[in-house]
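Asks: This is the structure, below, for whatever I ask next.
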Amino acid sequence: MPRASFEVPAPPRVSRSAVLLLACALAACATPVAPSGGPPDTTPPALVSSLPAAGATRVDAREVVLTVSERLDPTSAARAVRITPEPDTPPRVTVRGRDLVVRLDSLRADATTVVTVTTDLTDARRVALRAPITVAFATGDRLDAAALTGVVRNPTTGAAASGVAVWAYALADSTSPPPDTSGARPDYRTETTSDGSFRFAYLRPGLYAVAAVRDANRNGRADGGERFAVAPRPALRAAEADSTARDSTARDAALPTLAAPTYRFWTTVLDTIPPAPRTLRAISERRVAVRFTEPVLLADRGAFMVEDSVSGQNIATTAFVTPDAPAEAVIVTAETLANRPHRLRLAGGVTDSSGTAAEAFVRSFTPPARPDTVVARFEGVTPRDSVLAPGQPLVLRWSTPPDWAALRSVRLSGASGADLPADLLTDDGVRFRLILPGPGTFTVALPDSLPPRRVVVLGADALGAVVGQVVDAGGRAVIVEAAGEREAFGPDVQRATVGPDGRFTISDLRPGPVRLRFFADLDGDGRWTGGRLAPYAAPEPLAFASEPVTVRARWETDAGELRLLPTDR
């Protein structure tokens, strides 16, 4: 049988340029680069190790190296590091890949040094820490081990206040007054986590004044206009974990479980400095904006006057402050301004959130020859189901303040079709309240050619009530308020004053779940007061019921016992 044969073809000739191209391609494949696809990285960096080790004693090294799980963004590192006790010379902070290097000029003898890295720190993909990193070591034989914990919340919603700076100041004894937080340097620093909680660890046992501040400019001081929270007592005790007596008193179940005692802080704002104009800009030939040094409220939409500098003629105006830009007042003139100098005058009617009035001022401006093209868009009504309790307003919302034609297009009619008065009230020029007579069914004609809205004002037979008892009020006047699950507590919510026996009844509530808030009205002004940092004034004790209460029509739902703790812990 003849043997089969075949020829092996010669390998193809490869040019030198092709070899170079192939080598470059392989080199490119070997270069580590971020993947172009897949979900975005949302994992924050986490501490892997530290040198010196956390909890180490007899440390004499002046360089601290914190190694985290991801490469770091160098630009975020310096402002994220806090050293306690605060050194006379600021630390030098650098980044080497996943290492955060902190160099100190000196260490205090026989003391605990605490290195805190705040949530300002981000990885290379700008993902920030979710909670501060704390590492402590001692130059002596023993590490300070006392702790103090708390939680900071919003008093109108009960929501956690995250990212709030919390400062602790050591006090000599219980008679020592808390320091002025606008100038004194704190002995210890931390910040609240996503659930509003904070924890000071590695404290020297003793008494501390504690303040929480929304330190927006990161200057370590409580400045005017910044939200803050006052401790329930001027001096809080930090003790070793094994010697801290557990608080057996019932607590607000909505608060996170932390090592006892856990102190409750509620944010507030108090400002005695009047808002002042910072900048003025002419937007168009009918619109000018004044930016103030802090958020403002308008008591009078006609608070501003525009005057022609040449003729002296006064031009009618209306002003508004929108929720999106609370520090800016926008003034709209009733007629087009010529391209010549004008004067803007404020005589009064502008205040900050604390009620401090802005001082009168006059500013000159020349409007541009630019038509006003801002169009107000109608955004809807609240509540969405258009079912109201007696006295509850229907709120109509626009994207920007509407013109008078849009407001006049809102009409109210009863079941018979007859027109009724439709008075619209507003505090900011974009949200207008319409109070309907009731009970009954009404029709509201909406702007922008939208279909009319059917609105129902419930009668007594469709409403319910909540009853209950406040215990441990200590003889103090207590107010209990009820708000819907998604409603913030404010002046429009239903409320009742607790009687001498601690009992209360809140009537005329819509069926459905409601939340309860209650506070001791110590100053008798009918609203909760959040206290003062310096000089220290305690906040009025405040608490939320742990669970919502379901209101039923023609029924009194018993909320049970509400406990307003004497120590507000």
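What follows is calculated from the coordinates using simple rules that are stated; it is not laboratory data. Only a predicted model underlies this, so the values are computations on that prediction, with no experimental measurement involved. All Cβ positions, glycine included, derive from the backbone under ideal geometry; neighbour counts span all protein chains shown.
Asks: I'd like the distance separating the alpha-carbon centroids of region 435-459 and region 54-114, in whole Å.
Replies: Using only Cα atoms, the two centres lie 63 Å from each other.
Asks: Moving on. Put a dot 7 Å past each Cα toward the Cβ at residue 497 and residue 273; how far apart are the dots in nm?
Replies: The answer from the label model is 3.7 nm.
Asks: Hey, with R₀ at 35 Å, roughly what FRET efficiency would residue 472 and residue 379 work out to, going by the Cβ-Cβ distance, to 0.05?
Replies: Working: r = 45 Å, r/R0 = 1.28.
FRET efficiency, residue 472 to residue 379: 0.20.
Asks: Note down the nm distance, to one decimal, between modelled labels 7 Å out along Cα→Cβ at residue 125 and at residue 404.
Replies: The two pseudo-label positions are separated by 5.6 nm.
Asks: Which value, in debye to the nearest 20, gives the size of the charge dipole of the chain about its Cα centre, when Lys and Arg are +1 and Asp and Glu are -1 at the Cβ? Please list the in-between numbers first.
Replies: On the way: 64 positive and 64 negative charges, 332 e Å.
I would put it at about 1600 debye.
Asks: Right, another one. Any chance you could check the Cα centroid distance between region 180-241 and region 487-527 for me, in angstrom?
Replies: Going from one Cα centre to the other spans 30 Å.
Asks: Within region 449-484, find all residues whose amide N lies under 14 Å from a label point positioned 7 Å from the Cα of residue 552 along Cα-to-beta-carbon.
Replies: 463-467
Asks: Projected onto the charge dipole of the chain (+1 at Lys/Arg Cβ, -1 at Asp/Glu Cβ, origin at the Cα centre), which of 289, 90, 75 gives the Cα projection farthest towards the positive end?
Replies: 75
Asks: Given R₀ = 60 Å, what would the calculated FRET efficiency be for residue 219 paired with residue 448, taking r from the Cβ atoms and rounding to 0.05? Walk me through the numbers before you get to the answer.
Replies: On the way: r = 46 Å, r/R0 = 0.77.
Once the sixth-power term is evaluated, E becomes 0.85.
Asks: Here's another thing I want to ask about it. Considering the dipole of the chain built from charges on the beta carbon (Lys and Arg +1, Asp and Glu -1) around the Cα centre, which of 499, 406, 46 is farthest to its positive end?
Replies: 46
Asks: Name the residue farthest towards the positive end of the dipole of the chain from the options 175, 161, 230, assuming +1 on Cβ of Lys and Arg, -1 on Cβ of Asp and Glu, about the Cα centre.
Replies: Of the listed residues, the answer is 161.
Asks: On to the next question. Suppose R0 equals 22 Å. What FRET efficiency, 1/(1 + (r/R0)^6) with r the Cβ-Cβ distance, do residue 174 and residue 522 give to the nearest 0.05? Each step should come with its number before you reach the end.
Replies: Values: r = 21 Å, r/R0 = 0.97.
Efficiency for this residue pair is about 0.55.
Asks: In addition: Can you give me the distance in nm between label points at residue 325 and residue 48, each placed 7 Å from the Cα along the Cα-to-Cβ direction?
Replies: Computed distance between label sites residue 325 and residue 48 equals 4.7 nm.
Asks: With θ taken as phi - 60° and the coefficients 6.51, -1.76 and 1.60, list the Karplus ³J(HN,Hα) couplings across region 544-557 in order, rounded to whole Hz; mark glycine and proline as x.
Replies: Those phi angles translate into 10, 5, 5, 10, x, 10, 8, 7, 10, 4, 6, 9, 9, 8 Hz.
Asks: Sort 89-97, 178-186 for me by packing, meaning the mean count of neighbouring Cβ atoms within 10 Å per residue, highest on top.
Replies: On the way: 89-97: 13.7, 178-186: 17.0.
Taking the mean over residues of other Cβ atoms within 10 Å, the ranking is 178-186, 89-97.
Asks: Treating the beta-carbon of each Lys and Arg as +1 and of each Asp and Glu as -1, no other charges, what is the dipole magnitude of region 318-377 about its Cα centre, to the nearest 20 debye? Please list the in-between numbers first.
Replies: Values: 6 positive and 6 negative charges, 60 e Å.
Using only the charged Cβ atoms, the result is roughly 280 debye.
Asks: Rounded, prolate or oblate: which fits the chain, taking a ≥ b ≥ c as square roots of the Cα gyration tensor eigenvalues, rounded meaning a/c under 1.5, else prolate when a/b beats b/c?
Replies: Details: a/c = 1.67, a/b = 1.24, b/c = 1.34.
Oblate.
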